[in-house]
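The structure under discussion appears below in the form of structure tokens.
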Amino acid sequence: MFRGPLSMTEIARIIDKDKSTITALVNKLIRLGYVKKDKHDADSRFNVIAVTPKGEALKPAFISIARKLRALSYKDVPDDDRGTLVRLLTKINENL
């Protein structure tokens with residue numbers, strides 16, 4: 001689900017956190033070399049955040065962790081109930 005370079009506002013919206021929180025997290029990731037900050041192609045007044053090759057190298061590990069977590073979360077939940085669960089949680093999230 002890689003989306004390409006994103007603005008801080010877009011990142012904040014996607015992970016549902018305050019922009020100030022995102023700024024601190026992104027700055028730490030920049031210092032560690034996992035992401036970089038570039039000027040927006042269409043409007044140089046804005047910055048975008050992009051994953052570096054070092055950050056991309058973590059992708060297989062994150063995918064593996066996500067799959068294991070999903071399998072653990074859905075353990076003993078029948079397949080037909082999983083769709084219902086996702087739909088209900090989505091509706092609750094939208095209501096909040």
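The values are calculated or read from the model by the stated rules, or taken from the named source; none is laboratory data. Predicted model, so just to flag it, every value in this text is computed and none were measured. Note: ideal-geometry Cβ built from the backbone for every residue, glycine included; neighbour counts use all protein chains shown.
Within segment 45-96, being under 22 Å from K17 (Cβ atoms), surrounded by 11 or more Cβ atoms within 10 Å (Cβ to Cβ) and among the hydroxyl-bearing types (S, T, Y) holds for one residue alone: T52. Consider K39 carefully, then state whether it is exposed (fewer than 12 other Cβ atoms within 10 Å of the Cβ) and on the phi < 0 side of the Ramachandran plot. Against the criterion (exposed (fewer than 12 other Cβ atoms within 10 Å of the Cβ) and on the phi < 0 side of the Ramachandran plot), K39 qualifies. I'd like to check something: does segment 72-81 contain any residue that is of a type in the set (V, I, T), under 16 Å from L6 (Cβ atoms) and either in the same structural domain as P5 (by TED's automatic domain parsing) or without any contact (Cβ under 8 Å) to a residue 40 or more places away in the chain (or both)? No. Candidates in segment 21-36 are the residues that are among the charged types (D, E, K, R) and surrounded by 11 or more Cβ atoms within 10 Å (Cβ to Cβ); of these, the one that is nearest to E10 (Cα to Cα) is K36. Among the residues of segment 11-20, are any surrounded by 10 or more Cβ atoms within 10 Å (Cβ to Cβ) and touching a Gly at 6+ places or on another chain (Cβ under 8 Å)? No, segment 11-20 contains no residue that is surrounded by 10 or more Cβ atoms within 10 Å (Cβ to Cβ) and touching a Gly at 6+ places or on another chain (Cβ under 8 Å).
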